[in-house]
Amino acid sequence: MAIEFKKQSYSGHFPEIWRGEAKILPGGFSPKQQIPPGTVLRRAVPLFVDFDELSAAICKTTKVLAGGTTTKPRVPKGHYFSVGDSVTKHGDYSILIVITGIDKSNSEYDTLTLQSAYTGLAEKDVLVEGASTGDGENAKIAPAYEPNMIIGAEKDWNGKGLLTIDAAYDAVVLIPSLEDTPMLPEWLNGVCLKNNPNILYIKQ
């Protein structure tokens, strides 16, 4: 009698951290940014931890997908941007534009609504949460935060209770897990996080 084997598939995602091993800082950190209920904080997402404030900020990036416009770019699901965030384009840093809306109705992608057109924005560009420092001629636009830690434990935020973020200070991150929320080259020093050489980035 022949035996029939049936293939079954399960949804999932690329593992973020080699062997799942990460060293977590004691205690949790309060988020500096608004994190909407329903957000899944995934491991290995870059963080800026402020030890004086005991706070953590997500270093937000996302890549631009095909099919959008310069005022309504399409981006992958799983980004961390919120309405009110200011974005700039990696490698440009000439302008900050506020996100005024986020349409999540499509199952394949989200659509950001920008306050004004981002001239020249195209597929594969990387949007970064940005901030301006200095005044007048000395004003400079740059990423709002530069990472020194990563998220060490996944958390599904349901909006109830007090949200804290678990920050890891030592881990080996698998780069493919960050495809949709890319690391910026200037955040790295070789295979290490520039501001924390205990965090390594490899392709596996």
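Numbers at a glance
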read-out: Where N is the number of residues in the range 91-199, Cα Rg divided by 2.2 N^0.38 Å; value: 1.28
read-out: Size of electric dipole in the chain: Cβ of Lys, Arg +1 and of Asp, Glu -1, about Cα centre, debye, nearest 20; value: 580
read-out: Most to least packed among 45-52, 134-141, 15-22 [average Cβ atoms within 10 Å]; value: 45-52, 15-22, 134-141
read-out: FRET efficiency, 1/(1 + (r/R0)^6) with R0 35 Å, evaluated for W157 and E186 via beta carbons; value: 0.75
read-out: Stokes-Einstein diffusion coefficient of the range 9-70, Kirkwood radius over Cα pairs, 37 °C, 0.692 mPa s, in µm²/s; value: 223
read-out: Simple spin-label estimate for I24 and A139 in nanometres, 7 Å along Cα-Cβ; value: 4.2
read-out: Tail weight of P(r) past 22 Å, computed on alpha-carbon pairs of the chain, percent; value: 52
read-out: Sites A122 and T164 - FRET efficiency at Förster radius 30 Å, r taken between beta-carbons, to 0.05; value: 0.20
read-out: Whichever lysines have a C-alpha closer than 29 Å to that of K63, once near sequence neighbours (fewer than 8 apart) are set aside; value: K23, K32, K72, K77, K89, K104, K124, K140, K155, K194, K203
read-out: Student exercise, the range 60-144 dipole from Lys, Arg, Asp, Glu Cβ charges, in Debye to nearest 20; value: 240
read-out: For the range 60-144, convex hull of alpha carbons as volume per residue, Å³; value: 84
read-out: Derived scalar couplings ³J(HN,Hα) [the range 88-93; Karplus, 6.51 cos²θ - 1.76 cosθ + 1.60; whole Hz; x for Gly, Pro]; value: 9, 9, 4, x, 10, 6
read-out: The range 33-81 versus the range 130-204: alpha-carbon centroid distance in Å; value: 10
read-out: In order through the range 98-107: 3J(HN,Hα) via Karplus (6.51 cos²θ - 1.76 cosθ + 1.60), integer Hz, x for Gly, Pro; value: 7, 7, 9, x, 9, 9, 10, 6, 7, 6
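Every number here is computed from the coordinates shown, using simple stated rules; none is lab data. As the structure is a computational prediction, the values presented were derived from the model and not from experiment. Cβ sites come from the backbone with ideal geometry, for glycine too, and all protein chains shown count toward neighbours.
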